[in-house]
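Structure first, then comments.
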Amino acid sequence: MNRLARWAILWFAIALFRLCHSGILWPEETLPMAAAVQMLHGRQLYRDVWFDKPPLAPAICLLWGAEPGWPLRLAGSLYVLAACVLAGRLARSLWGEREEKIAAALLAFYLTFWLPAAVIPLASDLLMLAPHAAAIWLAIERRAFAAGIAAGLAFQCNPKGLFVLAACTIFHPRGVPLLLAGFSVPSALVALWLAAQGALGDYYREVWQLGATYARDTFLKAPLREGLARTASWAGFHAALIVGALAFWRREPGRLALRLALWAALGLAGVALGLRFFPRYYFLLLLPLVVAAARGLTLIPRPYLALVAAALLVPTLRFGPRYVVLAADLVAGRPHLWRDVALDADSREAARRIRASAKAGETLFVWGYRPELYVYTRMPAASRFLESQPLTGVFADRHLFDTHVSDAALAERSRREVIQSRPDWIVDGLSVIQPALRMDAYPELRRWLEPYRPEAATRLAHIYRRAEGPRP
């Protein structure tokens with residue numbers, strides 16, 4: 001079988017699984033998609049749309065018109081294929097064709113059979129994976145400037161792209177000046193674009209100032225203990241990688257093994273940054289272990305490969321059946337009865353009710369972390385804020401169970417700004433779940449809410465519409 005046919009088969013398998021999620025938007029992809037919808041309405045990112053990540057995530061969504069459903073999932077499958085190709089090329093540069101095939105297959109497998117909320121969304125952490133692989137491959141090939149550009153693209157997906165740049169220096173230390181020069185190119189282009197649009201200051205405040213606050217204010221009470229537990233859980237589901245990587249480090253010690261170990265250590269440091277240990281953060285560790293395991297699995301005696309196959313069977317049995325259920329739901333045209341997507345299903349229902357009555361050009365304001373409502377309604381936002389984190393000062397990683405305010409000054413400034421807007425529709429998607437953060441708990445919002453009347457409700461959201469004149 002020729003190479004092209006193998007890649008086509010791999011892409012078909014990736015696409016088949018991801019299309020099972022075409023009826024779902026996962027939380028990590030909702031804000032980039034919503035921001036892209038606003039960009040399609042002519043809004044400038046950061047200046048007109050509050051967004052707390054670098055710009056590539058929403059920019060990429062523009063390629064398929066920020067449409068949910070099958071366009072998003074096909075785009076995701078192509079992206080994962082690109083990451084697999086690049087990971088394979090990396091392994092091939094280090095060893096050969098056999099390792100290339102194993103690396104690509106392992107990455108495709110673990111980007112399919114793990115927590116769906118982490119591996120399915122084409123969001124900031126996953127988007128960093130392909131340029132990460134490209135950067136290390138180019139560094140190994142001694143193409144320092146190009147490697148720096150790839151690391152710079154990773155940085156424009158996620159600030160943790162700095163770890164990618166650091167990893168490049170491990171593989172090509174003599175190329176540091178050219179690495180830095182290449183790395184600066186995407187950042188300089190983005191800075192020039194933002195400065196030309198008058199959005200550079202907003203970018204700094206939203207991505208870097210707020211990002212620093214987020215990084216130093218974890219919601220975990222015992223982050224070290226929780227981090228060890230979550231890392232152990234991740235290692236359990238990725239046991240085949242752990243076994244393969246350890247086999248490589250044991251059987252082929254030397255300079256290359258040391259470099260791969262340092263790369264993995266950098267990835268683990270990136271996972272720990274911010275002391276949250278979310279599943280999606282482990283993509284930084286996934287790639288070095290995939291590459292090391294691709295070699296290690298060729299060194300394991302054949303009788304022991306059955307143990308590796310058993311390790312792969314565990315995530316297959318844990319996460320595989322859900323794909324079957326989702327596919328059956330799509331074929332039958334029935335809603336997904338899955339607790340993990342209850343909030344998304346509720347947002348779809350709220351959007352359906354709004355679309356049934358909304359007029360062209362009417363605007364929307366959403367309270368809570370429900371930016372998918374902008375994706376489903378396709379409505380222009382009434383303000384810069386597509387969700388309520390900057391309005392309450394409570395980060396979305398905790399606001400369903402805690403009301404700790406991380407940045408009270410930002411929240412007060414944001415509320416003063418939002419009351420200057422006049423949305424036609426308001427969806428309160430938080431108060432039902434977390435009454436302590438209801439809109440009328442904030443004095444400056446009470447008078448602003450006076451012209452609005454209840455229009456409809458779903459199980460988890462209240463929908464209001466602006467009515468002219470005083471309340472009866």
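The table below gives the values:
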{"quantity": "Filtered residues of region 369-422 (kept if among the charged types (D, E, K, R), free of Cβ contacts under 8 Å to residues at least 40 places away in the same chain and within 21 Å of GLN44 (Cα to Cα))", "calculated": "ARG413, ARG415, ARG416, GLU417"}
{"quantity": "Residue pairs meeting the criteria (Cβ under 9 Å; at least 6 apart or on separate chains; first within 20 Å of LEU192 (Cα to Cα) and in contact (Cβ under 8 Å) with a residue 24 or more places away in the chain, in region 138-161; second of a type in the set (Asp, Glu) and surrounded by 22 or more Cβ atoms within 10 Å (Cβ to Cβ))", "calculated": "CYS157/ASP125; ASN158/ASP125"}
{"quantity": "Within region 132-153, tally of residues that are surrounded by fewer than 18 Cβ atoms within 10 Å (Cβ to Cβ) and either under 17 Å from ALA57 (Cα atoms) or within 19 Å of the chain's Cα centre (by Cα) (or both)", "calculated": "0"}
{"quantity": "Extreme residue, nearest to ALA382 (Cα to Cα), among residues of region 414-472 that are surrounded by 20 or more Cβ atoms within 10 Å (Cβ to Cβ) and of a type in the set (Gly, Ala, Ser)", "calculated": "SER414"}
{"quantity": "Single match in SER388, SER383, SER414 (criterion: under 21 Å from PHE51 (Cβ atoms), polar (S, T, N, Q) and at pLDDT 95 or above)", "calculated": "SER383"}
{"quantity": "Enumeration of residues in region 41-60 that are in a helix (DSSP H, G or I) and either in the same structural domain as SER383 (by TED's automatic domain parsing) or more than 22 Å from TRP367 (Cα to Cα) (or both)", "calculated": "LEU56, ALA57, ALA59, ILE60"}
{"quantity": "Residue within region 204-223 that is of a type outside the set (Ser, Thr, Tyr), at pLDDT below 95 and more than 22 Å from SER124 (Cβ to Cβ) present", "calculated": "yes"}
{"quantity": "Qualifying positions in region 118-143 - touching a helix residue (DSSP H, G or I) at 6+ places or on another chain (Cβ under 7 Å), aliphatic (A, V, I, L, M) and more than 23 Å from ARG92 (Cα to Cα)", "calculated": "ALA118, ILE120, LEU122, ALA123"}
{"quantity": "Those residues of region 18-37 which are of a type outside the set (A, V, I, L, M), part of a helix (DSSP H, G or I) and surrounded by 24 or more Cβ atoms within 10 Å (Cβ to Cβ), in sequence order", "calculated": "ARG18, GLU29, THR30, PRO32"}
{"quantity": "Close pairs (6 angstrom Cβ cut-off, 6 or more residues apart or separate chains): touching a residue at least 12 places away in the same chain (Cβ under 8 Å) in region 8-34, among the aromatic types (Phe, Trp, Tyr) and assigned to a helix (DSSP H, G or I) anywhere", "calculated": "PHE17/TYR323; CYS20/TYR323; SER22/TRP70; ALA34/TYR374"}
{"quantity": "Criterion: modelled with pLDDT of 95 or more, over 30 Å from ALA222 (Cα atoms) and either surrounded by fewer than 21 Cβ atoms within 10 Å (Cβ to Cβ) or not aromatic (Phe, Trp, Tyr) (or both) - qualifying residue of ALA292, ALA261", "calculated": "ALA292"}
{"quantity": "Helices (runs of 4 or more DSSP H) (entirely within region 297-412) containing at least 2 residues that are hydrophobic (A, V, I, L, M, F, W, C) and under 24 Å from LEU72 (Cβ atoms)", "calculated": "305-332, 342-357, 372-377"}
{"quantity": "Residue within region 156-172 that is charged (D, E, K, R) and under 30 Å from ALA310 (Cβ atoms) present", "calculated": "no"}
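Residue by residue, here is whether (1) within 25 Å of the chain's Cα centre (by Cα); (2) more than 28 Å from GLN209 (Cα to Cα); (3) in the same structural domain as TYR46 (by TED's automatic domain parsing); (4) modelled with pLDDT of 95 or more holds:
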residue: ILE354; (1), (2), (3), (4): no, yes, no, yes
residue: LYS359; (1), (2), (3), (4): no, yes, no, no
residue: THR363; (1), (2), (3), (4): no, yes, no, yes
residue: GLU372; (1), (2), (3), (4): yes, no, no, yes
residue: TYR376; (1), (2), (3), (4): yes, yes, no, yes
residue: ALA396; (1), (2), (3), (4): yes, no, no, no
residue: HIS404; (1), (2), (3), (4): yes, no, no, no
residue: LEU410; (1), (2), (3), (4): yes, no, no, no
residue: MET439; (1), (2), (3), (4): no, no, no, no
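The values are calculated or read from the model by the stated rules, or taken from the named source; none is laboratory data. Please read these numbers as outputs of a predicted model, since none were measured by experiment. Positions of Cβ are generated from backbone atoms using ideal geometry, with glycine treated the same way; all protein chains shown enter the neighbour counts.
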